[in-house]
Amino acid sequence: MELLIRWKIISNKPKNIFGCGQLFWVTKQPPAPLGAFLKNRLKIIMSKKLFIPVIVGTARKGRTSGKVADFVVKAIESEYGDQVETTLIDPCDFGFVPGAEQVMTREDYQNLIQKADGIYIVTPEYNHSFPGELKMLLDMELGNYKHKAVGMSAISSGPWGGTRVIESLLSILRKVGLVIADTDYLVNFSGEEFPKEGGVKDPEAQLRRFQRSFDEVVWLAKVLREGRGG
Ligand SMILES: Cc1cc2nc3c(=O)[nH]c(=O)nc-3n(C[C@H](O)[C@H](O)[C@H](O)COP(=O)(O)O)c2cc1C
């Protein structure tokens, strides 16, 4: 206990590397050298798990995107669980759709985004664009996306795997300050790949495609976390 006697800030001393007054820890031992301090800090930064929630972009009943989002959450847990934590953010929980019970609030969403190091969006393509629910979710927060990573999976029943929904999302994601990973996970012919009856037609191929996208998100999220100061 004696080691933690008091912190003393002497503000009229020259500024230190943190831009503030000299900080003295009054102890029986001299303070650790800066090199050791930075090394420890780096160790903490490297060991702390990233938090990257998965956002599903639609509340449509019978949506295939929900199946893909579940697949993505499981893949993050099994393949990246040592470095990433995740949770599913589902527009069905926010009461956007008439009759749906609201179990999540704007504040819940804001808290999740504040805590997040990045987000992973799983969205269908509706009329060459994104569903309104996704925009409503994204618009519930403003400041806390900045300098965080974002990756995308797009789903369509046609051959193009939702490339157009990704194009239409880019300017919004950039506007809110998210840093966009350059590799997407596209699911084309969604009804065949993730059939109504359940399961995945070729889980290994889907996993490979997802990982190519998510590896980028993890890399970006790590670098950006350091840039934000951990
Ligand atoms: C309102 C609506 C609009 C759609 N527009 C497109 C489209 O523009 N391009 C496309 O490839 N698929 C389109 N689809 C098909 C979806 O891509 C398909 O349903 C896919 O499974 C993903 O959506 P889901 O998660 O709602 O199932 C549309 C589906 C709906 C319900």
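Taking interchain pairs and intrachain pairs at least six residues apart, which have beta carbon atoms under 8 angstrom, with the first residue in the range 81-102 and without any contact (Cβ under 8 Å) to a residue 12 or more places away in the chain and the second open to solvent by 60 Å² or more (accessible area, probe 1.4 Å) and among the β-branched types (Val, Ile, Thr)?
93/103
I want to confirm something. Restricting to the range 92-122 and keeping residues that are in contact with an Asp or Glu (Cβ under 6 Å, 6 or more places away or on another chain) and assigned to a loop (DSSP other than H, G, I, E, B), which single residue is surrounded by the fewest Cβ atoms within 10 Å (Cβ to Cβ)?
Taking the candidates together, the pick is 103.
Quick one: residue 160 ticks every box in (1) out of contact with any Lys or Arg (no Cβ under 9 Å at 6 or more places or on another chain); (2) surrounded by 16 or more Cβ atoms within 10 Å (Cβ to Cβ) bar one, so which box is it?
Single failed check for residue 160: (2).
Exactly one of these conditions fails for residue 170: (1) farther than 21 Å from residue 48 by Cα; (2) crowded, with 22+ Cβ neighbours inside 10 Å; (3) of a type outside the set (S, T, N, Q); (4) under 18 Å from the mean Cα position of the chain (by Cα). Give me its number.
With respect to (1) farther than 21 Å from residue 48 by Cα; (2) crowded, with 22+ Cβ neighbours inside 10 Å; (3) of a type outside the set (S, T, N, Q); (4) under 18 Å from the mean Cα position of the chain (by Cα), residue 170 is out only on (2).
In the list 137, 112, which residue meets the criterion of being more than 24 Å from residue 195 (Cα to Cα) and either within 16 Å of the ligand (Cβ to nearest atom) or not hydrophobic (A, V, I, L, M, F, W, C) (or both)?
Step by step, each of 137, 112 is checked, and only 137 is more than 24 Å from residue 195 (Cα to Cα) and either within 16 Å of the ligand (Cβ to nearest atom) or not hydrophobic (A, V, I, L, M, F, W, C) (or both).
Working carefully through the options 187, 179, find the one that is surrounded by 19 or more Cβ atoms within 10 Å (Cβ to Cβ), over 22 Å from residue 71 (Cβ atoms) and either more than 14 Å from the ligand (Cβ to nearest atom) or touching a residue at least 60 places away in the same chain (Cβ under 8 Å) (or both).
Step by step, each of 187, 179 is checked, and only 179 is surrounded by 19 or more Cβ atoms within 10 Å (Cβ to Cβ), over 22 Å from residue 71 (Cβ atoms) and either more than 14 Å from the ligand (Cβ to nearest atom) or touching a residue at least 60 places away in the same chain (Cβ under 8 Å) (or both).
So for the range 38-57 (the condition being assigned to a loop (DSSP other than H, G, I, E, B), open to solvent by 10 Å² or more (accessible area, probe 1.4 Å), more than 23 Å from residue 163 (Cβ to Cβ) and in contact with a helix residue (DSSP H, G or I) (Cβ under 7 Å, 6 or more places away or on another chain)), does at least one residue qualify?
The answer is no, given that none of the residues of the range 38-57 is assigned to a loop (DSSP other than H, G, I, E, B), open to solvent by 10 Å² or more (accessible area, probe 1.4 Å), more than 23 Å from residue 163 (Cβ to Cβ) and in contact with a helix residue (DSSP H, G or I) (Cβ under 7 Å, 6 or more places away or on another chain).
Check whether at least one residue in the range 136-157 is in a helix (DSSP H, G or I), closer than 21 Å to residue 75 by Cβ and open to solvent by less than 10 Å² (accessible area, probe 1.4 Å), and report yes or no.
Looking for residues that are in a helix (DSSP H, G or I), closer than 21 Å to residue 75 by Cβ and open to solvent by less than 10 Å² (accessible area, probe 1.4 Å), one finds none in the range 136-157, hence no.
Residue check, residue 211 against (1) within 24 Å of residue 74 (Cα to Cα); (2) outside any helix (DSSP H, G or I); (3) within 18 Å of the chain's Cα centre (by Cα), all met but one. Which one?
Failed condition: (2).
The values are calculated or read from the model by the stated rules, or taken from the named source; none is laboratory data. Owing to the predicted nature of the structure, the values given are computational and were not obtained by experimental measurement. Note that each Cβ is placed from the backbone with ideal geometry, even for glycine, and that neighbours are counted across all protein chains shown. For the accessible areas, the whole protein counts, side chains as well, though only heavy atoms, and no ligand, DNA or RNA atoms are used. Shrake-Rupley method; radii C 1.70, N 1.55, O 1.52, S 1.80 Å.
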